[in-house]
1. Which number in (1) part of a loop (DSSP other than H, G, I, E, B); (2) closer than 22 Å to Thr307 by Cα; (3) not basic (Lys, Arg) marks the one condition that Ser372 misses?
2. Residues to consider are Tyr335, Tyr280, Tyr363, Tyr379; find the one that is in the same structural domain as Pro393 (by TED's automatic domain parsing) and in contact with a strand residue (DSSP E or B) (Cβ under 9 Å, 6 or more places away or on another chain).
3. When you go through (1) touching a strand residue (DSSP E or B) at 6+ places or on another chain (Cβ under 9 Å); (2) surrounded by 18 or more Cβ atoms within 10 Å (Cβ to Cβ) one by one for Trp353, which number turns out not to apply?
4. Looking only at segment 110-154, how many residues end up being assigned to a strand (DSSP E or B) and not acidic (Asp, Glu)?
5. Got a sec? Which helices (runs of 4 or more DSSP H) wholly within segment 253-336 have at least 3 residues that are within 34 Å of the chain's Cα centre (by Cα)?
6. Does Val225 satisfy the condition of being at pLDDT below 90, within 25 Å of Gln167 (Cβ to Cβ) and surrounded by 16 or more Cβ atoms within 10 Å (Cβ to Cβ)?
7. Of Tyr258, Tyr303, which residue is under 30 Å from Val160 (Cα atoms), exposed (fewer than 13 other Cβ atoms within 10 Å of the Cβ) and either among the hydroxyl-bearing types (Ser, Thr, Tyr) or modelled with pLDDT of 90 or more (or both)?
Amino acid sequence: DPELLRAYVMNSGEAVEWLYNRGRLIGTTAEKPNDKGLYMFIDTSMDFTGEWTDGRFAKFDYGKAKAHMYAPWVGPKPNNAGTFLSYVLDEAAEEYSDRMKIYYNTPGVQLITENGKVKGVVGQLSDGTYVKFNANKAVILATGDYQNNPAMVNRWCPDVANFDKKQFQKTGDGHLMAITAGAVMEDIVHTKMLHDFDAGLMYEEPFLYVNMKGERFCNEFVGFVYMNDIMLHQDMYKGGKNYDDPEKGSLGWYCQIYDSNYMNNEAFDSLVPPAVMEKYMPEISDEEYEKKHGQPRTGVFTYLIDTWRADTLEELADKLGIEDKKAFLETIQRYNELCEKGVDEDFGKDKKWMNAIKKPPFYGIRRHLRVSALCSGVYTNGHGQALNEKKEPIEGLYCVGNLGGQFYGGVDYPFHATGLSLGRCYTFGRLAGKHAAAQPGGTKQLTESGTTVLEKQLDVGSSGNWKDGTYQGASPGIFGDDIKVTVTISDGKITAITVDEHKETENIGGAAFPTYIDAVIANQSTKIDAVSGATRTMEGFTNAVNDALSKAVK
């Protein structure tokens, strides 16, 4: 969307500088961001040059364009932009403690709307009760993506269904609340971000790539950005003890193979010396690493490092967990033959990237692509306001971060545009806050405890008010598809309810139906309590029951 891109270009620098001035870089006391870590400049021909303090070097040419970038590097791991931002937010919370209150463990469950305008939000407290937050100006949703909601993934980004997910509790609550308030979800397929920066460095280098059966499967020059698309056609694999794979395994596993002559190869991204790569080798203990290098192992998640070194190819196959060692050795032999010919007859890789694997020790990096983020959501404008079906702003509702849509325009996140995801989140969060703050406000009491979450729920009356018989009803569920029910009335009472059709999340909304059915029958009313995580399913279910009961009224 040109409006969003223009808003980003014109405001991202100011947003990042504001954030930097509010906080501090994690892992460094430097006054300037480039005094430690990676510093980057892009000149008017879009030549990218990056140099790391450990000696790595990288250069790309992105064609003709005009831009300049000066990027702070936040780290090292486990610190990241999230910990940096937490410092900023903590400081702001302390500074404005007399004017703000933070409600922890209080997920939003429903937006409050009046005549198409968002007037507040209902949250559920840890004790199961609800609290209503009245918005004098607006509600800003910044709830992250939906990768941990299987039903939403299957509907809007099915390509990632069988990949492991990096995040937790990213269940799309904000997306669903926005949709029920009139916002419109961006068309499928949504932009996805999958990567593995943890197993080892040199993830862009076009070494030999093999799947877990030991077979070569692609032209390795295709680039790291698109590897997830290629992996869709590979088999599932279940990782070792460090990986929380489903029992059936997952997609995204492959190995980069190279020999000890690799530093003499031509570099695509950056060639990392063996001494630096040792940080990513799990067979070297922390104690051994510190003794050898004179400093502790930092900047890695030790449970995710997966780089291996071996004196023989057979030993390397064992360390990597290759399932078919014979196929692996045959793959190496074939690859070496092609390197000698100078022509990749199998996949067409340029000969300058064809480097034989002959000199021990041999190296392998076992990659495990996982979903880092799903970067699409509801339609918004340049202020971050959610748009309705007519592409008009929904008054009082802003959706930012990965809750906002139509920014990337493709199915794969563009990794080479360094910092784009974080920059977008920072920028539109700030733009939304500034725009919302400028709106006229009211004087309503900000919170009301004891609120019933479904304020518009129909009271179907008490037992004895209905005609005997069976009645069908329907009402939209969490994804807009009807929940269809059959209600049986005997002796003027509700005696049975069946859910005939639904497309709710099976392990959340679907699992809550028996509880809701029992509660309605026990209470002889649709005024029932919600099961945690299935509030919107309850609304659809009870409205469907009300629809059926409306046909049974005497």
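The values are calculated or read from the model by the stated rules, or taken from the named source; none is laboratory data. None of the values given here were measured: they were computed from a predicted structure. When we count neighbours, we look across all protein chains shown, and the Cβ atoms used for this are built from the backbone with ideal geometry, even at glycine.
1. Condition not satisfied by Ser372: (1).
2. Details: Tyr335 fails: in the same structural domain as Pro393 (by TED's automatic domain parsing); Tyr280 fails: in the same structural domain as Pro393 (by TED's automatic domain parsing); Tyr363 fails: in the same structural domain as Pro393 (by TED's automatic domain parsing).
The unique qualifying residue is Tyr379.
3. Failed condition: (1).
4. Of the residues in segment 110-154, the ones assigned to a strand (DSSP E or B) are 110-114, 117-124, 130-134, 139-141.
Subset that is not acidic (Asp, Glu): 110-113, 117-124, 130-134, 139-141.
Within segment 110-154, residues that are assigned to a strand (DSSP E or B) and not acidic (Asp, Glu) number 20.
5. Details: elements: 274-277, 286-293, 313-320.
Filter on segment 253-336 gives 274-277, 313-320.
6. Values: at pLDDT below 90: yes; within 25 Å of Gln167 (Cβ to Cβ): yes; surrounded by 16 or more Cβ atoms within 10 Å (Cβ to Cβ): yes.
When the stated conditions are applied, Val225 passes them.
7. Numbers: Tyr258 fails: exposed (fewer than 13 other Cβ atoms within 10 Å of the Cβ).
Of Tyr258, Tyr303, the one residue that is under 30 Å from Val160 (Cα atoms), exposed (fewer than 13 other Cβ atoms within 10 Å of the Cβ) and either among the hydroxyl-bearing types (Ser, Thr, Tyr) or modelled with pLDDT of 90 or more (or both) is Tyr303.
Here's the yes/no breakdown for (1) modelled with pLDDT of 90 or more; (2) hydroxyl-bearing (Ser, Thr, Tyr):
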site: Arg430; (1), (2): yes, no
site: Asp468; (1), (2): yes, no
site: Phe479; (1), (2): no, no
site: Val485; (1), (2): yes, no
site: Glu501; (1), (2): yes, no
site: Gly510; (1), (2): no, no
site: Ser525; (1), (2): no, yes
